[in-house]
Amino acid sequence: MERRAAAQEAYLDRLDRRDLPWLIDKLVQVLVFIGGISGILFVIGIFVFITREGIGFILTSFDVKEFFTSPFWRPTSRNPTYGALALMAGTASVTGLAMLVSVPFSLGAAIFIGEFATGKLRESLKVLVELLAAIPSVVWGFIGLSIMNPLIIRAFNVPVGLNVLNAGIILGLMAAPIMTTIAEDALKAVPDGYREAAEALGASRWQVIFKVVIPAAKNGLVAAVLLGVGRGFGETMAVLMASGHALNIPDSIFDSVRALTATIAAELGETAVGSDHYRALFTLGIFLFVITFIINLTADLVVRGIRNKR
Amino acid sequence: MFEASELNERNRRTESLVRLLFLTMTVLLIVPVVLILAVLVYKGGRVVSIPFLFTEPTNGMTAGGIFPALIGTVWLVSVALLVSVPIGVAAAVYLSEYAGDNWLTRLINLAIINLAGVPSIVHALFGVGAFVLFLGIGVSILAASLTLAIMTLPVVIVSTLEALRAVPQAFREACWNMGATRWQTIRRIVLPNAISGILTGIILEVSRTAGETAPIMFTGAAFFLPFLPQSVFDQTMAMSYHLFVISTQVPGVPEELPFGVALVLITMVLAMNALSIAFRMYLRGKKKW
């Protein structure tokens, strides 16, 4: 036994060539590893640097109760107050409406593309959806400003067309292609054997879809919606331009609102580095970071849930 | 025996109804956007011309062209690519060729998902905190491009990863059996076989980067700057920020002018995207294994 081990070692020794290619190989391995963990480093970096700028505010002037319960975001008044409730309401109302508009259509489109469409039609629809997802957010904002705004004023006879409705529709149109793509992937991940088994039992096509495919793809579909919510929540330019940017807790979809993201975008340029206002904006950034982190983590766990079960 | 029963008939009717319903939903999702784009093309088309592309804005940005913004976007995208492509490809090579199925890989994947999911304005805050202030680069093309590079890193990683994974494992094994090291295998076999897929991802990243606004607002984009940037430490105008500025911040801009800017921006972005998709389809058709 011992002799065999020794022989094996000698053999391995002969194989072992610590020459230049070996050295380069090791070096590359290290470099590639650094690249590999760069994603982790950047996420940590983002958290560290926005906290570094915002921490001064959190430790001194930050009032948790005010932040979450006061609707008054008045950073430039003589007695500045930093209540983010109206901003949260703005973000929530716009994102909520966007999801209400786009979730049914996105899932419907995903089911059509994944389960009904075939061949050329399917390919073209997928390409189209992918192209729609590529339209930049500032262009969406501009569409809200210059096309949706007059449309809403005329259609509903309201004085201002930059409101929850406008931003919600714009955001819905923006999030829909992403949700459609992810939901379609989830449907595609359901093994064909499931469909065949159900059809063999005499189920009709729509029974297969509703009783077999959708339940099997449930987690993926939930993840698609979650990622859509994350997208809407974090969208900046489109919401800034289409929502009216008025500090307001909305009563109706025709009220103008202001979103968390938009507030940072609109105010950061006017603040002095290191001032309370500047730091408060970074605090909003930390809040946004944490929320999106939770949304993404949940989506990831939900997707992982199905994978482990299979 | 094989005649359609009443149940079959009913099922068939229901099915075509359901099909129609989902088709309608798909159409309702796509048609409004196509109509909106048509309006953009119609209104913007009257503004866009060769002189519009190659002259600078005049009269307090209420007239003239977009040349400095166009060149600025080219600068921003190029510098961002120089940073993100090497890092992104390295990350993808690690994930595809080295990483095992362990907690670190899971953590990396989670980080990539998060990097893609963090709001763009938070990336902007990061850019201000890390590059403009901490590293002291100041408001410049470099700071803006670094911010953009980190934000779009997931695009490069995900598409490169897909390209690398499409290279059959047998290719690698054959190469290892010849006594090649891991790196020799990657360099001579894996990367050459995946290069077109990687390029597809890079084109996609160009399209993403060119359209971003929030990350460059406070890190490098200038409100109005009639000169072309001379180095990466200069500020610059950019197409996306220019569209924001003239449609919200400048009084007295003629209604059509921003439509022209939007049309040029969206043409750039969609053309790049379409190119990437076409390239991908061409590759899929050509695949030998």
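What to note about this one:
- Residue in segment B:159-189 that is farthest from residue B:108 (Cα to Cα), counting only those that are away from chain A (no Cβ under 11 Å) and of a type in the set (Val, Ile, Thr): B:189
- Filter result for residue A:86 (in contact with a helix residue (DSSP H, G or I) (Cβ under 6 Å, 6 or more places away or on another chain), surrounded by 15 or more Cβ atoms within 10 Å (Cβ to Cβ) and more than 12 Å from every other protein chain (Cβ to nearest Cβ)): no
- Set A:236, A:261: member being hydroxyl-bearing (Ser, Thr, Tyr), touching a Leu at 6+ places or on another chain (Cβ under 7 Å) and at the interface with chain B (Cβ under 10 Å from one of its Cβ atoms): A:261
- Filter pass, residue A:51 being farther than 30 Å from residue A:163 by Cβ, touching a residue at least 24 places away in the same chain (Cβ under 8 Å), assigned to a helix (DSSP H, G or I) and within 14 Å of another protein chain (Cβ to nearest Cβ): yes
- Conditions (1) closer than 19 Å to residue B:263 by Cβ; (2) hydroxyl-bearing (Ser, Thr, Tyr); (3) crowded, with 18+ Cβ neighbours inside 10 Å; number of the one not met by residue B:42: (3)
- One residue stands out in segment A:203-219 among those that are within 29 Å of residue A:174 (Cα to Cα) and in contact with an Asp or Glu (Cβ under 7 Å, 6 or more places away or on another chain): the one that is modelled with the highest pLDDT, namely A:213.
- Extreme residue, nearest to residue B:207 (Cα to Cα), among residues of segment B:79-105 that are over 20 Å from the mean Cα position of the chain (by Cα) and surrounded by 23 or more Cβ atoms within 10 Å (Cβ to Cβ): B:93
- The lone criterion from (1) within 19 Å of the chain's Cα centre (by Cα); (2) exposed (fewer than 15 other Cβ atoms within 10 Å of the Cβ) left unmet by residue B:243 is number (2).
The values are calculated or read from the model by the stated rules, or taken from the named source; none is laboratory data. All values derive from a computational prediction rather than experimental measurement. Cβ coordinates were reconstructed from backbone atoms using ideal geometry, including for glycine residues, and neighbour counts include every protein chain displayed.
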